[in-house]
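Have a look at the structure below, then the notes.
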Amino acid sequence: MNFELIYEWSDLFLKGTLITIGISVAGILLGAMLGLVIALGRMARTVYVRWPTDAYVNFFRGTPLLVQVLIIHFGVVPALYGSSNVYIAAILALTLNSAAYCAEIYRAGIQSIDKGQREASYSLGMTHFQAMRFVILPQAVKRMIPAFGNEFIVLVKDSSIVSVIAAPELMYWARSMGAAAYKVWEPYLTAALIYFILTYSLNKLLIYIERKTVTQ
Amino acid sequence: MNPMIRVKQLSKSFGSNTVLRDIDLEVMPKEVVVLIGASGSGKSTLLRCLNALETAEKGEIWIEETPLLAKDTNIPKLRMEMGMVFQQFNLFPHMKVIDNITLAPIRVRGWTPEQARAKGMELLRKVGLETKADAYPASLSGGQSQRVAIARALAMEPKIMLFDEPTSALDPEMVGEVLAVMKTLAKEGMTMIVVTHEMGFAREVGDRIIFLDQGVLLEQGTPEEVFGNPRNERTKEFLSKVLA
Ligand SMILES: Nc1ncnc2c1ncn2[C@@H]1O[C@H](COP(=O)(O)OP(=O)(O)OP(=O)(O)O)[C@@H](O)[C@H]1O
Ligand SMILES: [Mg+2]
C-alpha cells in the first residue's frame, strides 16, 4: 500500500465524497417527493392515471440503473437543454430511479394502515386528499422510515454508477487515480472504505431514529 | 314533516352475492331506528350505503332533499351531516383525544382551533371524559374509546347518527357506559339508526325496530309489536335465539 499516493489524492477523494453525498441526498429527497405523487397515481381510480404511473415504476425497477443513467445523460438531458450537464443528469437519474422504489414504499405503507382509518375519516366529511394528508400518511410515514433508510443506503452505493458519465463523485476519482497511477488497491480500497463508512454511519443513524419513533 | 332519510328499492350485491334486496325505508327526524338481524343479514351494508361507504347499485337514497346516488352529489358534504360510530372505534392513534375530535371541525368545517376545542371539551364532558383530552387513544379502555368516537362524530354537529354495533367489541362491564351516552343522545332528539344486539336497549330506546333477514326487510314496527308479537316466523326464530 502506497499511503503517500493516497494522501496526494486525498483532496479529490474528499471532494468526490461530498459530491456523492450531495447527489445521493438530492436523489432521495426529490425521489421521495416524486415517489409520493407516483404512489398516489398508482392508487387512483382512473386507468389513465394508473397506467402511466404503473409503467413508470415497472420501467425504472425493471431496467439497470446504468442504462437509465446513459439514456438520461446522452438522450434526455440534451433533448431538454440542448447539451448535457453531468450534475443534472446524475441527480435526475438517481431521482427518477429512487422515485420508483419510494413509490413502492409509500404504497406498502399506505396499504398497511387499517381501512377503518380511512372510513372514519370519510364518515367525518373528509375528502380523499384530507384523509391521506391528516390521517393515513402521518401514520404510514412512521412505518416507512426503515424502508426509506434502506433505499437511501442503496442509493449511496448505486450513485457510484454515475462515474460512467464522468460526474466527479467518489468513484470517478477512484477510477481516475487508478488510470493515472496504474494502481488497483490504493484507489479502489480507499473508495470502498469511504462508501462503507458512509453506509455504516447511515445505518447507525437509522437505528437511532427507529428507536426514537418507536418509543414516542 | 319530511323524512330525514328515504330509501327506495335499494339493492346491493358483492359479486354474485346479493346482500340487500329491494329495501324500502323512511326515517323521520328525531326517530331512533334499531336494525336487528342475524350475522350476515346485511345490517352493516345497509348502514354503510346510507353514508356512501358502500355504493348501492340499484334504488334510491335521499338524505333530506339530496339524492345520494346522483352523479353530481357532493358526498363529503353529505357525510358532514351524518356521524358514524364503528364497532372497532377507528380512533386516530397518532392524535390525542382532543385532536381526534377537533380534526374534522377544523379541517372540514373550517372552524378556528379555539372554537373547535371549546366544542370538543364540551362533548368530552358530555361523555364523561374531560380528563382524557390530552391522552392518546392507546391508553383508553374500549368503553372510553367508543365514547370518544361518539364525541368525535358529534363534533361535526351531524343531523343523523349511524351506529354499527357500537358495543360488540366491548367487555361486558363497559357496554353500559356507551349505551348510556346513546340513550342521552336519543332523548335530546338526535335522529339515529342503530345496529345492535342489545335487545334491552332496542326495546327501551328504539322508536322502531327493523328486522333484516338475508338482505330483506322482513318486519318492522314498534318495540312492543316486534318483540311482543312478531308476525314473521323468521323474526320469531331470531328473537327466541337472541332473547334466550
Ligand atoms: N366488502 C365486502 N365484500 C364482499 N362481501 C361483503 C363485503 N362486506 C360484506 N359482505 C358480505 O355481505 C353480507 C352481509 O354483510 P354485513 O356485514 O352487511 O352483515 P351484518 O348483518 O352486518 O353482519 P354482522 O352482524 O356479522 O356484522 C355477508 O355475507 C358478507 O360476507
Ligand atoms: Mg355488521
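Bear in mind that the values in this text are calculations on the coordinates, not laboratory data. Keep in mind the model is a prediction, meaning the values are calculated, not measured. A quick note on method: Cβ atoms are made from the backbone with ideal geometry, for glycine too, and the neighbour counts reach across all protein chains shown.
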Whole-number D in µm²/s for segment A:109-209 (Stokes-Einstein; Kirkwood sum over Cα pairs; 4 °C, 1.567 mPa s): 77
Cα centroid separation - segment A:144-209 against segment B:179-224, whole Å: 67
Chain A: most fluctuating residue of A:83, A:98, A:160 per GNM, C-alpha cutoff 10 Å: A:83
Label-point separation, residue B:75 to residue B:11 (7 Å along Cα→Cβ), nm: 2.2
Three semi-axes of the equivalent ellipsoid, segment A:55-106, Cα gyration tensor, whole Å, largest first: 21, 10, 9
Mean Kyte hydropathy of -0.5 or more with a Cα span along the axis of at least 20 Å, helices from DSSP in chain B: B:172-187
Solvent-free Debye scattering, log10 I(q)/I(0), computed from the Cα coordinates of segment B:1-150 at q = 0.18, 0.19, 0.21 Å⁻¹: -1.13, -1.18, -1.26
Reciprocal mean inverse distance between Cα atoms of segment B:1-70 - Kirkwood radius, Å: 12.5
DSSP-defined antiparallel bridges as percent of all bridges, the protein assembly as shown, nearest 5: 50
Per principal axis, descending, Cα span of the protein assembly as shown in whole Å: 101, 46, 42
Listed residues A:46, A:95, A:17, most fluctuating in chain A (Gaussian network, C-alpha, under 10 Å): A:46
Selected from B:195, B:108, B:216 as most flexible by GNM, with chain B as the system and alpha-carbon contacts under 10 Å: B:108
Unit charges on C-beta of K, R, D, E only; dipole of chain B, Debye: 460
Shielding by partners - mean other protein chain Cβ count within 10 Å, residues of B:101-109: 4
Positive-end residue of A:116, A:72, A:134, charge dipole of segment A:3-214 with Cβ unit charges: A:116
Sorted by Cβ density within 10 Å, fewest first, the residues A:207, A:161, A:88, A:72: A:207, A:88, A:161, A:72
Gap separating the Cα centres of segment B:1-73 and segment A:66-82, nearest whole Å: 56
Neighbour net charge for residue B:202 - beta-carbon separation under 13 angstrom, K R +1, D E -1: -2
Segment residue B:138-residue B:64, extension gain: residue separation times 0.36 nm, minus the distance between their alpha carbons: 22.9 nm
Distance in nm between pseudo-label sites at residue A:150 and residue B:184 (7 Å out along the Cβ direction from Cα): 4.9
Zero-based 10 Å bins, Cα pair distances in segment A:3-214, whole percents: 8, 28, 30, 20, 10, 3, 1
Net dipole in debye of segment A:3-214 [+1 Lys, Arg Cβ; -1 Asp, Glu Cβ; about Cα centre; nearest 20]: 800
Subset of A:115/B:236; B:77/B:119; A:115/B:12; A:115/B:119; B:30/B:58; B:126/B:159 violating a 24 Å alpha-carbon distance limit: A:115/B:236; A:115/B:119; B:30/B:58
Spherically averaged projected area in nm², based on the convex hull that wraps the Cα atoms of segment A:32-134: 7.7
Modelled FRET efficiency - R0 25 Å, residue A:213 with residue A:25, Cβ distances, 0.05 increments: 0.75
Partner chain coverage, peptide B:88-95 - average Cβ within 10 angstrom: 6
